[in-house]
Amino acid sequence: MRLTHLSLHNVRNFVRLDLDLPPGVTILVGDNAQGKTNLLESIYYLATSRSPHAGSDRELVNWLSAEQEPLPYARFVGRAARGDSQVTIEITLTQQANNDQRYRKQIRLNGVPRRAMDLLGQLMVVLFLPDDIALVSGSPGGRRRYLDVMLCQIDPGYCRSLARYSQVVSQRNALLRDLRERGGDPAQLMFWDQRLVGDGAIPVARRQKALCVLDELARAIHGELTDGTEHLHLRYQPSVEIEGQDTVAAIGAAFQAQLQSLRRREVPAGVTLVGPHRDEVRFLIDDVDAGVYGSRGQQRTAALALRLAEVGLMRRETGEHPVLLLDDVLSELDAMRRRFLVEWLGNGPEQAILTTTDMHTLPEAFLHRCPVWRVQLGRLTEVKHPPPDPPG
């Protein structure tokens, strides 16, 4: 799978961009705040309909250029090739009349209006950001979101179950608060318990399976990144006490039993105390929790190993390589880890886009094999390389 063309109009600091993208590695070089990260963000947005940075869609709009239009808008268009088939993905943000704070999002696949859920999987991406260190050191919610974005791209059933589960949790929590404040028969929870278990057991089973594969792949990659001096282990900690069970039916039975045992605590608390919305993932380096005790370098290396393992997981699950987006990954890697990454990219995904502020951090031979674009104030200029020196 790869992105063959990207078109942006009134997006961030891009007034207009039309870019053909080849297979292999493409390098974007430029100073900070010139548009490199915005370009990767736009590709991620086309794949997921969400931004890894913006709190609202409105933040994605280039206001200086959009306000010149009769009706301010921003448009993202990408053409993706998957095997012998191609799909054109288009997302348009249009300002709603008489309200400059709200934008209407419209998604089209090959010109046909679609839901955001229909978009997932059309273009699979893996995005590594400088702040991915928070996957190791940050909150459990960030790690759950990471799993959800990854699994929604490769498994539509997971995404549907997760959406239903989130709605049930909200409705069940509302009932728990009502029981706490006004009283009533707790037996009213039985209906919501059944729905909670029915939709919640699927994400738990799917996450557990994915973490087993990620652990295997990340351990091997981490071993190479650290030259075998450290050992990484990813541990899934579901709030449902599944005791080694891996089938949806068995997990559902354990979930149901735990809900019953927690009933007396949940009503006073007014919230659902168990389920995939409370799951956790731990990063252990040599059996020590890296999120608590790891150095910044250890946490960054673990996060990189996880992202590269994610590429392998998607390949196993779908038979297709995702597009790998690496934002300034080289800046905090030492020479050994940079060398490993360059070698891995030469044998890894079908397509990768890498940003850097200094292309001299990359080997000269690698640069000569890759198209390089300089990004400056939202404009791209191709960098022409002199021919490499002859060997000897």
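The values are calculated or read from the model by the stated rules, or taken from the named source; none is laboratory data. From a predicted model like this one, the values you see are computed outputs, not experimental measurements. Note: ideal-geometry Cβ built from the backbone for every residue, glycine included; neighbour counts use all protein chains shown. Note: areas computed on protein heavy atoms with side chains; ligands, DNA, RNA excluded. Shrake-Rupley method; radii C 1.70, N 1.55, O 1.52, S 1.80 Å.
For D31, state whether it is farther than 17 Å from L123 by Cα and open to solvent by 70 Å² or more (accessible area, probe 1.4 Å). When the stated conditions are applied, D31 passes them. If only residues of segment 52-71 that are surrounded by 17 or more Cβ atoms within 10 Å (Cβ to Cβ) and modelled with pLDDT of 85 or more are counted, the one that is farthest from R12 (Cα to Cα) is P52. If you go through segment 237-249 and keep only what is part of a helix (DSSP H, G or I) and within 14 Å of K209 (Cα to Cα), you end up with just V248. Condition check: surrounded by 16 or more Cβ atoms within 10 Å (Cβ to Cβ), in a helix (DSSP H, G or I), hydrophobic (A, V, I, L, M, F, W, C) and touching a helix residue (DSSP H, G or I) at 6+ places or on another chain (Cβ under 7 Å). Does L162 satisfy that? So L162 fits the description; yes.
One residue stands out among those in segment 180-236 that are without any contact (Cβ under 8 Å) to a residue 40 or more places away in the chain and outside any helix (DSSP H, G or I): the one that is surrounded by the most Cβ atoms within 10 Å (Cβ to Cβ), which is G184. For residues in segment 136-150 being surrounded by 21 or more Cβ atoms within 10 Å (Cβ to Cβ) and out of contact with any strand residue (DSSP E or B) (no Cβ under 6 Å at 6 or more places or on another chain), which is nearest to G291 (Cα to Cα)? My answer is L147. Only a single item in (1) under 15 Å from S51 (Cα atoms); (2) crowded, with 20+ Cβ neighbours inside 10 Å is not met by A116, and it is number (2).
For segment 261-283, filtering for residues that are of a type in the set (S, T, N, Q) and either in a loop (DSSP other than H, G, I, E, B) or touching a residue at least 12 places away in the same chain (Cβ under 8 Å) (or both) leaves 1.
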